[in-house]
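Novice: Could you have a look at this structure, given as structure tokens, before my questions?
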Amino acid sequence: MASIRTIAFWAAALLFSSCSQQQVESEPEVYSFQVPANFPQPVFDTHNPMSHQGIELGRKLFYDVRLSANNKVSCASCHQPQLAFTDGMQLSKAGVSGTALLRHAPAIFNLAWVNNGLFWDGGSTNLESQVFGPLTAHDEMAQNLYELVDELNAVPAFVSAFQNAFQEPVSSQNVAKALAQFQRSLVSAGSKYDRYRLNQTGGALTSDELAGLMLVRQKCQGCHTGELFTDQGYHNNGIDADFSNTEHEGLYTGRYRISYDLADLGKFKTPSLRNVALTAPYMHDGRFTSLEDVLDHYSAAVKPSATLDARLPASGLNLSAQEKKQIILFLHTLTDLGFTQNPDHHKPQNF
């Protein structure tokens, strides 16, 4: 009898030890976020610590069409890595409804430094909440969150992936957390300009590129500031003068739609100039097809209004043809092909 109790004791101890060991081994592996040498420290504050498993799950979800109501649209439908996670379209029709969206798809990178709202008007305060906008919007992915959880639970690989990343079952909250982790991991800091700043091989700028850099610092860095080439702020850059159209819940009024401050009429979020040569067309509505069009606007087509940014002369910047050429040459040095071609950012295989 004693021997039976002894065997039972050691069997239970072995089982407990095995379970404990399994639990330890399944803990998510903490992701060590590497800040580029010439970048400031990130300022985001989140209750969503990054892990390798969470990022990888987010990547799989980013490319999975199950996130849409018709199982035909993924996040990557409008955010393609080779275009710095834009889509090359003025106003996408890739959504479930097939109708053109009212705003241009923004680039997705260096979002770990975003601390002043997301979307063109700052309508979302963090990546975790931002996810639910396109996920549930009628003209975008139009997904029912309860149905999404059911669909993901039907895939054993996803059930395991959520357990590995969060030690929790599939949930819409953890879908948002995983997608946010993946997007926060997308850091672009390997351009020719970065090699120049860090005095690395391959970083020598031509005389025209250097002249363009100086012009950008003089003419553009009031808004496109620092190593991130954005102040994360909202500005009226003179592409319109009339903001009386309040259709679509005030979508055309810019930041005013969120703040209800008249001083914010016509102000939209400053995009980064990094990878700008890849992210045409330009502006919140994609109205300019080329960098030449953008510089023509800033040079001589600025439209004055009460909220026009004070750093932008109402008569424009009056750029010469040579100055425009030099600015564009410099902007091309901000292209980071190591980022756009990184296989860790692309659609995962065999999932």
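Novice: Any residue in the range 324-332 that is in a helix (DSSP H, G or I) and basic (Lys, Arg)?
Specialist: Among the residues of the range 324-332, at least one is in a helix (DSSP H, G or I) and basic (Lys, Arg), which makes the answer yes.
Novice: Among residues belonging to the range 66-83 that are open to solvent by less than 30 Å² (accessible area, probe 1.4 Å) and of a type in the set (Gly, Ala, Ser), point out the one that is nearest to ASP344 (Cα to Cα).
Specialist: Per the criteria, the residue is ALA76.
Novice: Here are THR125, THR86: which of them is loosely packed, with under 15 Cβ neighbours inside 10 Å and either within 15 Å of the chain's Cα centre (by Cα) or of a type in the set (Val, Ile, Thr) (or both)?
Specialist: THR125
Novice: Which one of these is closer than 29 Å to ARG184 by Cα, out of contact with any Pro (no Cβ under 6 Å at 6 or more places or on another chain) and modelled with pLDDT under 95: THR46, THR6? Lay out the reasoning, then the answer.
Specialist: Working: THR6 fails: closer than 29 Å to ARG184 by Cα.
Answer to the selection: THR46.
Novice: Also, I was wondering about something else. Please enumerate the residues belonging to the range 43-65 that are surrounded by 16 or more Cβ atoms within 10 Å (Cβ to Cβ) and more than 14 Å from GLN173 (Cα to Cα). Spell out how you get there, then give the answer.
Specialist: So in the range 43-65, the residues surrounded by 16 or more Cβ atoms within 10 Å (Cβ to Cβ) come out as 48, 50-64.
Answer for the range 43-65, where residues must be surrounded by 16 or more Cβ atoms within 10 Å (Cβ to Cβ) and more than 14 Å from GLN173 (Cα to Cα): MET50, SER51, HIS52, GLN53, ILE55, GLU56, ARG59, LYS60, PHE62, TYR63, ASP64.
Novice: Next question. Go through GLY238, GLY254 for me and flag whichever is open to solvent by less than 40 Å² (accessible area, probe 1.4 Å) and over 24 Å from the mean Cα position of the chain (by Cα).
Specialist: Among GLY238, GLY254, only GLY238 is open to solvent by less than 40 Å² (accessible area, probe 1.4 Å) and over 24 Å from the mean Cα position of the chain (by Cα).
Novice: Here are some residues: SER160, SER207. Which one is out of contact with any helix residue (DSSP H, G or I) (no Cβ under 8 Å at 6 or more places or on another chain) and within 25 Å of TYR63 (Cβ to Cβ)? Let's see the steps before the verdict.
Specialist: On the way: SER207 fails: within 25 Å of TYR63 (Cβ to Cβ).
Of the residues listed, the single one that is out of contact with any helix residue (DSSP H, G or I) (no Cβ under 8 Å at 6 or more places or on another chain) and within 25 Å of TYR63 (Cβ to Cβ) is SER160.
Novice: Which number in (1) farther than 29 Å from VAL159 by Cα; (2) in a loop (DSSP other than H, G, I, E, B) marks the one condition that GLN82 misses?
Specialist: Only one criterion in (1) farther than 29 Å from VAL159 by Cα; (2) in a loop (DSSP other than H, G, I, E, B) is unmet by GLN82, namely (2).
Novice: Follow-up question, since we're still on this one. Does ALA112 satisfy the condition of being open to solvent by 10 Å² or more (accessible area, probe 1.4 Å), aliphatic (A, V, I, L, M) and on the phi < 0 side of the Ramachandran plot?
Specialist: no
Novice: Could you list, in sequence order, the residues of the range 50-75 that are touching a Phe, Trp or Tyr at 6+ places or on another chain (Cβ under 6 Å) and either in contact (Cβ under 8 Å) with a residue 40 or more places away in the chain or in a loop (DSSP other than H, G, I, E, B) (or both)?
Specialist: MET50, SER51, ILE55, GLY58, ARG59, LYS60, PHE62, SER74, CYS75
The values are calculated or read from the model by the stated rules, or taken from the named source; none is laboratory data. Here the structure is a predicted model, which is why all the values come from computation and not from measurement. Every residue, glycine among them, receives a Cβ derived from its backbone with ideal geometry; neighbour counts consider all protein chains shown. Ligands, DNA and RNA are stripped out before the accessible areas are found, and what is left, the full protein with its side chains, is counted by its heavy atoms. Shrake-Rupley method; radii C 1.70, N 1.55, O 1.52, S 1.80 Å.
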